[in-house]
Amino acid sequence: MTWDEIWPLLRQGTVETLQMTVWATMITAVAGVLLGLALVVTDRRGLAPLPAVHHLLGLVVNVGRSIPFIILLVALLPLTRALVGTTIGTTAAIVPLAISAIPFYARLVETSLREVDPGVVDAAHAMGASRVQIAGKVLLREARPGLLAGLTVTFVALIGYSAMAGAIGGGGLGDIAIRYGYQRFENSVMVAVVAVIVVLVQIVQLLGDRLVRRLSHR
Amino acid sequence: MIQIEKLRKTYRGRGRELTAVDGVDLSVREGEIFGVLGRSGAGKSTLLRCVNLLERPDEGRIEVAGRDLLALSGGELRAARQGIGMIHQHFGLLSSRTVAGNVAFPLEVMGVPRAERAARVDELLDLVGLTEHAGAYPAQISGGQKQRVGIARALAGRPKVLLSDEATSALDPETTASILALLRDLRDRLGLTVLLITHEMDVVKRICDSAAIMRDGRVVESGTVRELLLRPGSELARDLFPLPAADVRPGTTVVDVTFEGDAADRPFVSSLARTYAIDVNILGGAVEEVGGTRIGRLRIELPGDPDLNAAQLAHLREAGLTVEVHPSPGTEVAA
């Protein structure tokens, strides 16, 4: 294939990949923070200790993280159809991507929240802060750099997973790599796709790191 | 201002029980600086954390500014805590907020409107001398400055009571002195009542009006610092004026003499020697400035057994000195 033929493919693939991963990352950010916060808050030593809920949430997260993405992709087809009305295309791929990333990110959120200095939480209690105030103004706020660093890692992982979403017709760069590079032995396409993904990952990581540094005042 | 009665707190876990506070009574008067002195593990931290109910005692009564804290509901307790300032050993500052932001935090918690908040933050930073550092983050300032932020933050709600949890233990000696001076100054200006816990004798000596010594969850002695230092056999005096164990030679009398204020300026040793024409041997001693008065303790040795020295001991007592006679080994044999 000539460069003139590859170029439009790459452009379209990049747009589709970004559509899938950006949307999935945004959904994951909200749901993962909520789930991670719930894990920390319901812990035996948390703000609202609910051991039963804590263990149930932990189990859900672990099960979610155990299922290989390619299996999840297929298993979630009915849910995907119910949510977005179709099982093929970029929008349909967002559902399994987000669902696989949420438990992953929730664990990263949990770790970041646990790293918040307990002395600060103690001080907030002594000031008469409510639990909602402590969760919002202390835990989430103090953990912000960690939450963002975790989200960057999640975004990069999603770029990788999105390649597999091509298997259900999700489109994107992974789809192009398989259809042209692998099935038609177009090595130049394969190399170009990999190069674009490498650049994408670099950019995401760079922006993430820069934002984390700006937010961190430790 | 703070009344603690029969307070008991036991930690239970994995078959082990630890009674951290074991029946403590404590009374802190309005406007005084009260120090609880003890080693780590003595239960003083638990005691302090019970005063604003960061820890819930198993038994007892806690009254702060006339309110029975244990009778309050969750919301009422949070409101009550806003009127009790607390400063911490490791400061407990939010790393994500500037100095001004940290001081504004309790005001946000209390629901003070934004416009008022800024003015109050300026006022508080001025109070602790940190106006220049308002925009700095905690990671950019020194330990002493961090504790000043902690103090400003604790005073945001105009509390009547300030609790200090080893506030100077993470600081070097000079910074400790400046923080203690600030605390005393704030007490004088704002009429605060301060309850502090510490393992440093120096803190009690420098700023406390009253003190209690805690060991194994109990208060072993308490009272005004002056009273404690003059009380024979007091641990506070022993800690402040460390003298080695008395080695009483047969045929001599070893006496610890504690003196304060004017008595410290009178040459009682030479007067004793002159009046009775005896040789007085000085074995050790120290003089300290405590709460504005000089208090000292001297160990002296007089010739002859204690019963031969009755007149001499009376002479010392008449001079307004506190006299403690060490038992000589001979008296034990006689008994």
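Computed from the coordinates by the stated procedures, all read-outs in this text should not be read as laboratory data. These figures come from a predicted structure and were not determined experimentally. Quick reminder, even Gly has a Cβ in these numbers, built from the backbone with ideal geometry, and neighbours come from all protein chains shown.
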One finds the C-alpha centres of segment B:165-239 and segment A:23-65 to be spaced, in Å, by 45
Residue-ordered couplings for segment A:170-184, obtained by feeding phi - 60° into the Karplus form 6.51 cos²θ - 1.76 cosθ + 1.60 and rounding to whole Hz (Gly and Pro as x), are x, x, x, 5, x, 4, 5, 4, 6, 5, 8, x, 8, 6, 10
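Quick one: net charge of A:VAL33's neighbours, Cβ under 13 Å, K/R +1, D/E -1?
Details: positive: A:ARG107, A:ARG141, A:ARG144; negative: A:GLU110.
In short, +2.
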Helix-only [θ] at 222 nm, chain A, -39500 (n - 2.57) per DSSP H run of 4+, per residue, nearest 500, equals -24500 deg cm²/dmol
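Per DSSP H run of n ≥ 4, the term is -39500 (n - 2.57); total these for chain B, divide by its residue number, and report the mean residue ellipticity at 222 nm rounded to 500 deg cm²/dmol. Mind showing how you got there, number by number?
Details: 13 runs with 120 residues, N = 335.
That comes out to -10000 deg cm²/dmol.
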With +1 on the Cβ of every Lys and Arg and -1 on the Cβ of every Asp and Glu, the dipole magnitude of the protein assembly as shown about its Cα centre, in debye rounded to the nearest 20, is 2100
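Among bridges DSSP assigns within segment B:2-230, what percent are antiparallel (round to 5)?
Working: 23 of 42 bridges.
Bridges in segment B:2-230 that DSSP calls antiparallel: roughly 55 percent.
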Output ordering of B:107-117, B:125-135, A:93-103, B:228-238 (per-residue mean of other Cβ within 10 Å, highest first) is A:93-103, B:228-238, B:125-135, B:107-117
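Over chain B, what is the relative contact order in percent, taking alpha-carbon pairs closer than 8 angstrom and at least six residues apart? Before the final figure, lay out each step's value.
Details: 636 pairs, mean separation 61.3, N = 335.
Over chain B, the number comes to 18 percent.
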Any lysines whose Cα falls less than 27 Å from that of B:LYS44, other than same-chain ones fewer than 8 residues away, would be B:LYS6, B:LYS9, B:LYS146, B:LYS160, B:LYS205
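How many Cβ atoms of partner chains, on average, are near each residue of B:88-95 if near means within 10 Å of its Cβ? Could you put the intermediate results ahead of the total?
On the way: counts 5, 1, 6, 4, 11, 4, 10, 9.
Mean partner shielding for this stretch: 6.
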Output field shielding_mean for A:113-124 (other chain Cβ, 10 Å radius) holds 5
Mean Cβ-within-10 Å packing, highest first, puts peptides B:34-47, B:247-260 in the order B:34-47, B:247-260
For chain A, averaging the sequence separation of alpha carbon pairs under 8 Å that lie six or more residues apart and dividing by its residue count, the contact order in percent is 29
Expected integer from the mean partner chain Cβ neighbour count at 10 Å over A:128-140 is 3
The residues A:ARG213, B:ARG8, sorted from fewest to most surrounding Cβ atoms within 10 Å, come out as A:ARG213, B:ARG8
